[in-house]
Amino acid sequence: MESPLFSIITITFNAAATLPATLKSVEQQSFADYEYLVVDGASTDGTVAIARASSAVTSVTSEPDRGLYDAMNKGLRRATGRYLIFLNAGDALHAPDTLQKIARSVEETHPDIVYGETALVDAQRTFIAMRRLQAPDVLSVKSFRMGMLVCHQAFVVRRAIAPEYDLHYRFSADYDWCIRCMQAAKTITNTHEILIDYLNEGVTTANRKASLRERYAIMCRYYGTLPTFLRHLWFAVRFTFARLTGRE
């Protein structure tokens, strides 16, 4: 049987409150050449039943895991599609024709990576703003020196070049993964479309700090320690100036 064009992968753990919006966004797609894998971490709140009741879901597995990125690796290993889309519980495909738009870009350029923009929404699915870090017109490994300019969910990768997530990182393995995907890619295509509605939930301060420390270490690894330090020094000066002038 021919592989589907897309493997959509959603990782869940006690996500009964946020998963329905994600499932609905896939169910409403006008493009149907996909498989949809839900990889659950042994939820106890009804998440698995909700996933299994969805007409869009191809496969649901539920078992203990070692965290988010371990579950993502499980999904990656089970995927059979030509391109991977990781769609977190609570996030959603932006519009019913989003997959169609991605497929159109794939058919036109046959890239290794396809990417687009991300909109922030609240729990009521109301638009808040566009993501602060906007996708560059032309994306390359060097682009991520300035941070994760493309949201992980809006970063669609050919499965054949996708590595597994590095489990040494607890909070920022997706940043490292995107860089390694770009290193392996020969062609990268910008859809110039909003692809994802990202649920703007608060992150605990402790996790945010740990994530930033990991991201800094990843930047040093790929872009050099001194250039990364100087770049962050400039970030700090720019942020301070913005606050003093009211331009945050």
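Details
- Between 33, 45, the distinction of being at pLDDT 95 or above and closer than 23 Å to residue 110 by Cα belongs to 33 only.
- Taken as a whole, the structure leaves residue 18 outside the set of residues that are of a type in the set (S, T, N, Q), open to solvent by 10 Å² or more (accessible area, probe 1.4 Å) and without any contact (Cβ under 8 Å) to a residue 40 or more places away in the chain.
- Meets criteria (closer than 18 Å to residue 196 by Cα, of a type in the set (S, T, N, Q), open to solvent by 30 Å² or more (accessible area, probe 1.4 Å) and part of a loop (DSSP other than H, G, I, E, B)) for residue 30: yes
- Checking each residue in the range 199-223 for being part of a helix (DSSP H, G or I), of a type in the set (A, V, I, L, M, F, W, C) and at pLDDT below 85 picks out only 206.
- Screening residue 226 on (1) modelled with pLDDT of 85 or more; (2) more than 16 Å from residue 147 (Cβ to Cβ); (3) within 21 Å of the chain's Cα centre (by Cα); (4) not β-branched (Val, Ile, Thr) shows it passes everything except condition (3).
- The set of residues in the range 143-158 that are among the basic types (Lys, Arg) and buried (at least 18 other Cβ atoms within 10 Å of the Cβ) contains only 158.
- Residues satisfying the criterion are present in the range 169-181 (criterion: over 15 Å from the mean Cα position of the chain (by Cα) and within 15 Å of residue 69 (Cβ to Cβ)).
- Considering residues of the range 66-85 that are modelled with pLDDT of 95 or more and assigned to a loop (DSSP other than H, G, I, E, B) only, the residue nearest to residue 113 (Cα to Cα): 82
- Residue satisfying condition, being in a loop (DSSP other than H, G, I, E, B) and out of contact with any helix residue (DSSP H, G or I) (no Cβ under 6 Å at 6 or more places or on another chain), within set 139, 120, 99, 167: 139
- In the condition set (1) crowded, with 18+ Cβ neighbours inside 10 Å; (2) closer than 26 Å to residue 165 by Cα; (3) of a type in the set (S, T, N, Q), residue 54 is compliant with all but (2).
- Of all the numbered requirements in (1) of a type outside the set (Asp, Glu); (2) in contact with a Pro (Cβ under 6 Å, 6 or more places away or on another chain); (3) surrounded by 18 or more Cβ atoms within 10 Å (Cβ to Cβ), residue 162 misses one, and that requirement is (2).
- Yes/no for residue 43 being in a loop (DSSP other than H, G, I, E, B), touching a Phe, Trp or Tyr at 6+ places or on another chain (Cβ under 8 Å) and touching a residue at least 24 places away in the same chain (Cβ under 8 Å): yes
- If the condition is being more than 13 Å from residue 7 (Cβ to Cβ) and in contact with a Lys or Arg (Cβ under 9 Å, 6 or more places away or on another chain), then the range 57-93 contributes 60, 61, 63, 65, 67, 68, 69, 92.
- Residues of the range 87-121 that are over 18 Å from residue 187 (Cβ atoms), in contact with an Asp or Glu (Cβ under 9 Å, 6 or more places away or on another chain) and not hydrophobic (A, V, I, L, M, F, W, C): 90, 91, 94, 98, 117, 118.
The values are calculated or read from the model by the stated rules, or taken from the named source; none is laboratory data. None of the values given here were measured: they were computed from a predicted structure. Positions of Cβ are backbone-derived with ideal geometry, glycine not excepted, and every protein chain shown enters the neighbour counts. These accessible areas exclude ligands, DNA and RNA; they are computed on the full protein's heavy atoms, side chains included. Shrake-Rupley method; radii C 1.70, N 1.55, O 1.52, S 1.80 Å.
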